[in-house]
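We did not get these values from a lab; they are worked out from the coordinates using the rules stated. What you see is a predicted model; the values in this text were computed from it and never measured. Please note: Cβ atoms are built from the backbone with ideal geometry, for glycine as well, and neighbour counts cover all protein chains shown.
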């Protein structure tokens, strides 16, 4: 582990493309967390046996980082899904490459062997990131999540209903990990599970369920989808007694902005809103509640993004792909005031279908 850590740390100092590997080994992951420790061990093993570290970086970028970044909207208003809707076949050489990697596979080392990182394997599989079928969302899930969370933003406790008025805010059902993962190629699914051996076998078939969704106001959803904040879970034998908290890698003040709906507290005789940072979320119990595996995967990507864990694009990457990653990582260099100002400015002209201003908080 230490040798791999030193290797990527030295490379990251001179080559930005190694930031993703450096983030996963030397970044702000919770070191005493068993799941994250398992992921770090997989990454270290792969670095130690890699014949070509540049190809390894491309694998992580194209088959792990990018598919998991296909989440909620961007404060720039320009973010688009990394995944297209056109069908695309993965080459036979790619399938063989993945199959060869199964030598010695097991819970402790699912990526044993170096077949995933042999020269030429990246180029043959590049198309599978964008070659997924159009997915359809289950409207019943969206209804159940709204019912479970009683029409309130789980971060702030603010209700969709506007007091004394017939209209209501347009809150959004947010997937914790991208809905688009349901239709990613078998190679990408296998790669993600290999890097995160704590993900169960049925993970990708359970994405469009209440366990992977929460209700958020538009502003909170935007920053959650861009991995600027995440949710931790304190499990209980009774799932209805589990506690969910909103947090960031470091408290930047961002979650204090989305505190409408929370009770005010006194501070030296002055009233102030309680920041949502590390506060219990308003998640109901009438339907299944968020599952820890989805929250952990979202947290993992949030922590990588926090360290600006970006890899250089493949030659086949589209301009839209790179613009999306550049936009997301640029946010990590902004102050919280700049992030919110950029978001509000981009949303100033947003309207609903009836022509009224779209509420952003």
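What's the exposure ranking of 7, 156, 206, going from fewest to most Cβ atoms within 10 Å?
206, 7, 156
Among 17, 210, 153, which comes first, then next, by fewest other beta-carbon atoms within 10 Å? Don't jump to the answer; show the numbers that get you there.
Working: 17 17, 210 22, 153 29.
Neighbour counts put them in this order, fewest first: 17, 210, 153.
Counting other beta carbons within 10 Å of each Cβ, put 241, 1 in order, fewest first. Kindly include the intermediate steps, with their values, before the conclusion.
Working: 241 10, 1 14.
Result, fewest neighbours first: 241, 1.
If each Cα of region 162-281 is one equal point scatterer, what is log10 of I(q)/I(0) from the Debye formula at q = 0.21 Å⁻¹?
Per q value, in the given order, log10 I(q)/I(0) is -1.35.
Using a Förster radius of 25 Å, what is the FRET efficiency between residue 37 and residue 186 based on their Cβ-Cβ separation? Nearest 0.05, please.
According to the calculation, E is roughly 0.40.
Sticking with the crude label model, points 7 Å out along Cα→Cβ, report the distance from residue 165 to residue 143 in nm, one decimal please.
About 2.7 nm, to one decimal.
Could you give the length gained on full extension between residue 54 and residue 10, defined as 0.36 nm per residue of separation minus the Cα-Cα distance, in nm?
14.4 nm
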